Amino acid sequence: MRLDKRLKEAHPDLSWRKVRDAIEKGQVSVDGRVQQDPGLGVLTGATIVLDRNRPAQLKVRTNLDILHEDEHILVLNKPAGLLSIPSSPGLGGSEDTVLRRVREYMAFKRGHKTYVGMLHRLDRDTSGALAVALSKDAHAAGREQFKHHKFERHYLAIVQGVPDPPSGTIEARISTGYRSGRRKLVDEDDEGLEASTDYLVKEKLKGAALLELRLHTGRQHQIRLHLEKLGHPLVGERVYTARMVRGDKPSGLSSPAPAKRNMLHAWTLAFPHPLTKVRVSVEAPLPADFETLLARLRHGRSR
């Protein structure tokens, strides 16, 4: 049953308007957690408390798709199109980012400013599982874990063409800087960062493929660069595009691609909790645009 209906049943003396106002002002909690959505589905046995004396709170600007949350760690399903952190330090207070949204969410939930630090990042176009620390201790310990590759990350990607062989490991060093707006792969003898990516063809599509990718390192743009080296760039890729795609290129998936973004999704994330060491493991559901494109390609349609 909806939260507003449950509250109205419990307080029949309140008008529907006052019921909704109380919920939206943050004066209603469900099982100890403040909820501000009148249409929220509530289980039959849930404990609902109305506190009319609680100061009204601003409604959180956006809901987070939370996959895991505890006192020190939050893992969310990041939507495509959202930056992880501000694009430049001066825009920290005005840009819409994961960092800003989590800070707003935690300030509302805890009633005071909370430490928030990113444990890793996803590109703007990439959707999926992203971990955030909610304390300085968790941030420091989590970043150390990430540095030593304790985060197990699997991605799903729709790529142009079908890789042959259908599985393998791409190992190619990545430059530390940018040139013409992109990173590049470098020779073993040159300076650069080691990078390793496993790939597996999960499904052959019409001139394309659904890949599962596992990162052994976490370099910026690693997957995009490695898929370009493989000869099978992401559908929707506009920067790291191989000159020739190996195998049959999907009809209609050359420039301009039907995808409005890179078809890359951070599918699963697992790591030992930075403080408790208990394993945290999540799976991020595929977003609608990814599912829609998969369905079109399964039926041999590019549009």
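Apart from one condition, residue 192 fits all of (1) surrounded by fewer than 19 Cβ atoms within 10 Å (Cβ to Cβ); (2) over 18 Å from residue 264 (Cα atoms); (3) not hydrophobic (A, V, I, L, M, F, W, C); the exception is (1). Filtered by the rule that a residue be at pLDDT below 95 and in a loop (DSSP other than H, G, I, E, B), the stretch 129-149 gives 148, 149. The selection criterion, being hydrophobic (A, V, I, L, M, F, W, C) and closer than 18 Å to residue 297 by Cα, does not hold for residue 185. All told, residue 19 meets the bar of being more than 17 Å from residue 109 (Cβ to Cβ), in contact with a Lys or Arg (Cβ under 8 Å, 6 or more places away or on another chain) and modelled with pLDDT of 90 or more. Here residue 101 fulfils each of the conditions (1) in a strand (DSSP E or B); (2) closer than 30 Å to residue 28 by Cα apart from (1). What are the pairs with Cβ atoms under 9 angstrom where one residue, in the stretch 103-122, is more than 20 Å from residue 77 (Cβ to Cβ) and at pLDDT below 95 and the other, located anywhere, is among the basic types (Lys, Arg) and assigned to a loop (DSSP other than H, G, I, E, B)? Sequence gap at least six, or different chains. Pairs that qualify, where the first residue is more than 20 Å from residue 77 (Cβ to Cβ) and at pLDDT below 95 and the partner is among the basic types (Lys, Arg) and assigned to a loop (DSSP other than H, G, I, E, B), are 107/113. Within the set 132, 186, 162, the sole residue that is touching a Gly at 6+ places or on another chain (Cβ under 8 Å), among the aliphatic types (A, V, I, L, M) and surrounded by fewer than 19 Cβ atoms within 10 Å (Cβ to Cβ) turns out to be 186. Take the residues of the stretch 168-196 that are within 11 Å of residue 230 (Cα to Cα) and of a type outside the set (Asp, Glu): which is modelled with the lowest pLDDT? Among those residues, the one meeting the criterion is 172.
The values are calculated or read from the model by the stated rules, or taken from the named source; none is laboratory data. Note that the coordinates shown come from a computational prediction; the quantities given were computed from them, not determined experimentally. Here Cβ is always computed from backbone atoms with ideal geometry, including for glycine, and neighbour counts include all displayed protein chains.
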